[in-house]
Amino acid sequence: MKTAEKGATVLKAGIKRLLARTGFDIVRSTNNRGGVDDFIPFEAAMRASRAAGLSVGDYIDEVMNGTPGATQSTIDELRALGVFAAEPDTVLEIGPGSGRYLEKTLKECSPGRYEIYETAAPWADYLVDTFKVVARPTSDCSLAPTPDGSVDLVQAHKVFNTVTFLSASRYFFEMARVTRPGGRIVFDVMTETCLDPATMRAWAAEGGPGHDSYPAAMPRQACVDLFATLDCSLEASFLAPMGFASTEVLVFEKKA
Ligand SMILES: C[S@@+](CC[C@H](N)C(=O)[O-])C[C@H]1O[C@@H](n2cnc3c(N)ncnc32)[C@H](O)[C@@H]1O
């Protein structure tokens, strides 16, 4: 192997180790601008989860990330907040990846329509086949195919700390646009709440080489202030585990 190839292989292995430690399932994206460019190979993940007798989402939580129950704990918090009791008829999820949140959302409610915007084509195809969701084309962090005020619950999990500030910001405007009055917007970001000095020290020590865009932080107050200008008020927030660290889930309600 040439030296340059060897360097790339070592770098990739280092990134994979880092991502495994921090609780991510990363999939190669077909047009993932500014995102995470490593991936869990679709076929291998499916085979391994089947062999373990687990859904791919539970396999990622329990085996790959070593954080059993991590996805369920967020779903439990959302249930306690009444997000599913509102019986959302239309749900939209950005970056569902393996579908670990999607699968559990569908155990909590029965929307007539579940739209996804996912840049990783093999995973998007799998979700369409398995859960009969509707995959929308992704382009420039736009939700253009989805009409204004048409969605009851808009969500994204472990996405906005893997993409750039601009990508996240552009999606925020779109999320507010497509949410119907009285609907909910749920997403997590790595806010200052998640960045105490010890955690920052751990990120600095554990952060992988050659991966400058991950993890991406986003100020909490900037989110709250922005969504307020878009008629969405912060209803609740809580921490969600992410390997040795965490992200903060923000739950907004759009003015009825
Ligand atoms: C860290 S993974 C999280 C996946 C899933 N939500 C979970 O928590 O298991 C980030 C996901 O966002 C997707 N993604 C990255 N950039 C995106 C974009 N611009 N639009 C939509 N999805 C994107 C990736 O392909 C990947 O599936």
The answer for G149, listing residues at least 5 apart or on another chain whose modeled amide H is closer than 5 Å to its amide H, is V178, T179
Sorted by chain and then number, the residues having a modelled amide H within less than 5 Å of the amide H of S142, at least 5 places away or on another chain, are none
M200 and E87 label points (each 7 Å along its Cα→Cβ direction) are spaced in nm at 4.8
Rounded to one decimal in nm, the spacing of the 7 Å Cα→Cβ label points at F244 and V63 is 2.5
Contour minus Cα-Cα span, S142 to A222, at 0.36 nm per residue, comes to 26.8 nm
For 229-241, 150-162, 84-96, ranked highest to lowest by mean beta-carbon neighbours within 10 Å, the order is 150-162, 84-96, 229-241
Simple spin-label estimate for S233/D76, 7 Å along Cα→Cβ, in nm, reads 2.9
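Laboratory data are not the source of any read-out in this text; all were calculated from the coordinates shown. Model, not experiment: these values are computed from the prediction. Positions of Cβ are backbone-derived with ideal geometry, glycine not excepted, and every protein chain shown enters the neighbour counts.
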